[in-house]
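Data first, discussion second: the structure below is written as structure tokens.
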Amino acid sequence: MAAIILVDDDPAILDALGGRLKLAGYAIETHDDAETFIADADLRKADCVLLDIRMPKHDGMDLLEQLQRRDPALPVIMMTGHGDVDLAVSAIQKGAADFLEKPFLDARLMEAVEKAVAQREAGRAKSTERAELAARMDTLTPREKDVFRELVTGQPNKVIAYNLGCSPRTVEIHRARVMTKMEAKNLADIVRMAMRLGIHNGA
């Protein structure tokens, strides 16, 4: 069950949004002030935050920046009044996933939330995949890691052997072990894995 955090100083809005999203099958956590939200919210479990752009003591834009620092991958939907559209556009430029102009239609709410939750799930999947690739990378010996980085450059075995100061046959042996340990079917798989691990052109 996806978890949504609602932050708004208007209890009526919290009740209305919370009730609608619960009906849609979401787990809901509400905060009517920024201080409680900052102190108590567990962002690791959240899939999306709906945040009012104007609240007492804390500006929604400041809160957005704090959330970006704490969890850049967490989608934040800004809720705005009629006079805050320019601010909302600025929020998008600063990393917000979307903005809802009050009063907003039910369909618009659900569209924004569903898109944000899908974005969060995709981000978590990428993080899991990267962790799995990093774990495989850790099983390589230092020499196998050298060969892995050389393979990313697309150089033939003879050039790799020259660069590493070994024979082409040795490169072939290490290459086969790299392919097995990284669970790669071909060189294209190795290149994609390297990109996901942040390894580009052998660096």
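Does PRO56 count as at pLDDT below 85, in the same structural domain as ASP10 (by TED's automatic domain parsing), closer than 21 Å to PRO11 by Cα and not aliphatic (A, V, I, L, M)?
The answer is yes for PRO56.
Any chance you could count how many residues in the range 29-83 are among the basic types (Lys, Arg) and touching a residue at least 40 places away in the same chain (Cβ under 8 Å)?
Number satisfying all stated conditions: 1.
ALA107 versus (1) under 24 Å from LEU14 (Cβ atoms); (2) surrounded by 13 or more Cβ atoms within 10 Å (Cβ to Cβ); (3) of a type outside the set (Lys, Arg): which is the lone unmet condition?
(2)
With the structure loaded, tell me whether THR139 is among the β-branched types (Val, Ile, Thr) and within 20 Å of ARG196 (Cα to Cα) or whether it fails that test. Let's see the steps before the verdict.
Details: among the β-branched types (Val, Ile, Thr): yes; within 20 Å of ARG196 (Cα to Cα): yes.
For THR139, the condition - among the β-branched types (Val, Ile, Thr) and within 20 Å of ARG196 (Cα to Cα) - is met.
Name every residue in the range 15-57 that is among the polar types (S, T, N, Q) and out of contact with any strand residue (DSSP E or B) (no Cβ under 8 Å at 6 or more places or on another chain), in order of residue number.
Of all residues in the range 15-57, those among the polar types (S, T, N, Q) come to 30, 36.
Matches in the range 15-57: THR36 only.
Between THR170, THR128, THR180, which is among the polar types (S, T, N, Q) and within 23 Å of the chain's Cα centre (by Cα)?
On the way: THR170 fails: within 23 Å of the chain's Cα centre (by Cα); THR180 fails: within 23 Å of the chain's Cα centre (by Cα).
The conditions single out THR128.
Just to be sure I understand, how many residues within the range 127-163 are aromatic (Phe, Trp, Tyr) and within 16 Å of MET182 (Cβ to Cβ)? If you could, list the steps in order and put the result at the bottom.
Step one: of the range 127-163, the residues aromatic (Phe, Trp, Tyr) are 148, 162.
From what is left, the residues that are within 16 Å of MET182 (Cβ to Cβ) are 148.
Count: 1.
In the range 20-62, which residue that is buried (at least 17 other Cβ atoms within 10 Å of the Cβ) and of a type in the set (Gly, Ala, Ser) is nearest to MET78 (Cα to Cα)?
If we take residues in the range 20-62 being buried (at least 17 other Cβ atoms within 10 Å of the Cβ) and of a type in the set (Gly, Ala, Ser), then GLY60 is nearest to MET78 (Cα to Cα).
Would you be able to tell me the number of residues in the range 152-199 that are touching a Gly at 6+ places or on another chain (Cβ under 8 Å) and more than 27 Å from GLU132 (Cα to Cα)?
Number of matching residues: 0.
For the range 77-106, how many residues are among the aromatic types (Phe, Trp, Tyr) and under 26 Å from the mean Cα position of the chain (by Cα)?
First pass over the range 77-106, keeping only residues among the aromatic types (Phe, Trp, Tyr): 99, 104.
Then drop every residue that is not under 26 Å from the mean Cα position of the chain (by Cα), which leaves 99.
The total comes to 1.
Does ALA161 qualify as being among the aliphatic types (A, V, I, L, M), under 30 Å from TYR26 (Cβ atoms) and in a helix (DSSP H, G or I)? Give the derivation first.
Details: among the aliphatic types (A, V, I, L, M): yes; under 30 Å from TYR26 (Cβ atoms): no; in a helix (DSSP H, G or I): yes.
No; evaluated as a whole, the condition is false for this residue.
The values are calculated or read from the model by the stated rules, or taken from the named source; none is laboratory data. Keep in mind that this is a model prediction, so the values were computed, not measured. So basically every Cβ, Gly included, is an ideal-geometry build from the backbone, and we count neighbours across all protein chains shown.
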